[in-house]
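Please treat every number below as a calculation from the coordinates, not as lab data. Predicted, not measured: the structure shown is a model, and the values here were computed from it. Virtual Cβ from ideal backbone geometry, glycine too; neighbours counted across all protein chains shown.
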Amino acid sequence: MNNEKQIQTITCPHCGKEIPLTDVLTKQIEDKIRADFDAQLKKKDAELQTSLKAKDDEWKKLLEQDRIRIQQAARKEAEESLSVELRDLRSQLAEKSERLKRAEEQELQLRKKQRELEEREQELNLELDKRLAEQKKKIYETAKESAAVEIRDLKEQLTAKSKELDEARKIELEARKRLRENLHAGRHGPKTFHKVQ
């Protein structure tokens with residue numbers, strides 16, 4: 001309890017509430033780390049969204065090109081025999097299947113990267129919590145040590161003042177004693193004066 005009383009505080013200009021200085025430092029550190037983390041996360045998310053959009057546009061373009069080419073080939077091959085048309089359609093189907101397979105593989109890679117980003121986000125959250133806990137502990141220990149030093153200094157000052165007071169009381173008692181002796185001697189004998197030191 002004594003240590004807490006020694007911790008310095010500041011007054012909030014808005015509500016007038018007394019806020020421990022350690023809370024202010026902790027809040028500033030927490031805000032800075034969270035701001036850095038949020039900026040990093042937003043950047044990664046923007047990069048992922050850009051990559052996904054680019055892949056989506058690429059797939060749409062490829063599908064549109066396939067559609068146009070298939071339409072053109074169908075019109076041209078309509079004049080040929082049925083066997084040639086079927087053979088060509090099978091070839092196109094195989095090619096499209098291959099492209100679809102590659103697109104699915106790319107999508108799986110993107111999903112994998114997204115999972116890695118989510119895992120990284122969790123790791124950053126844990127690291128953030130760990131750093132905050134360490135900072136809070138460090139600030140508390142520093143404040144505790146500072147308070148202990150101040151208390152020790154105050155005790156030393158109090159001890160010194162007590163010694164000075166004791167000396168002053170001794171001097172006062174000695175002066176009173178000499179004064180009484182002088183008064184007593186003045187009543188019962190020749191008057192002599194003693195210098196009070």
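Couple of notes before you dig in:
- Straight-line cross-link reach from residue 17 at under 30 Å between alpha-carbon atoms covers these lysines, not counting any fewer than eight positions away in the same chain: 5, 27, 32, 130, 136, 137, 138, 144.
- Potential lengthening of the chain between residue 73 and residue 151 amounts to 18.8 nm, from the contour at 0.36 nm per residue minus the alpha-carbon distance.
- Stretchable slack from residue 120 to residue 97, in nm (0.36 nm times residue separation minus alpha-carbon distance): 4.8 nm
- Anchor residue 170: lysines whose Cα lies under 19 Å away (excluding residues fewer than 8 positions away in-chain): 161, 195
- In summary, the lysines within cross-link reach of residue 55, defined as a Cα separation below 22 angstrom excluding same-chain residues under 8 places away, comprise 42, 43, 44, 96, 101, 112, 113.
- Taking only the Cα atoms of the range 23-159, the radius of gyration and Dmax are 31.8, 116 Å.
- Gain upon complete extension [residue 185, residue 170; 0.36 nm per residue less C-alpha separation]: 3.2 nm
- Förster radius 41 Å - calculated FRET efficiency between residue 89 and residue 41, Cβ distance, rounded to 0.05: 0.30
- Point-to-point label distance, residue 60-residue 108, nm (Cα→Cβ direction, 7 Å offset): 2.6 nm
- Its alpha carbons give the range 79-154 an Rg and a Dmax of 32.6, 108 Å.
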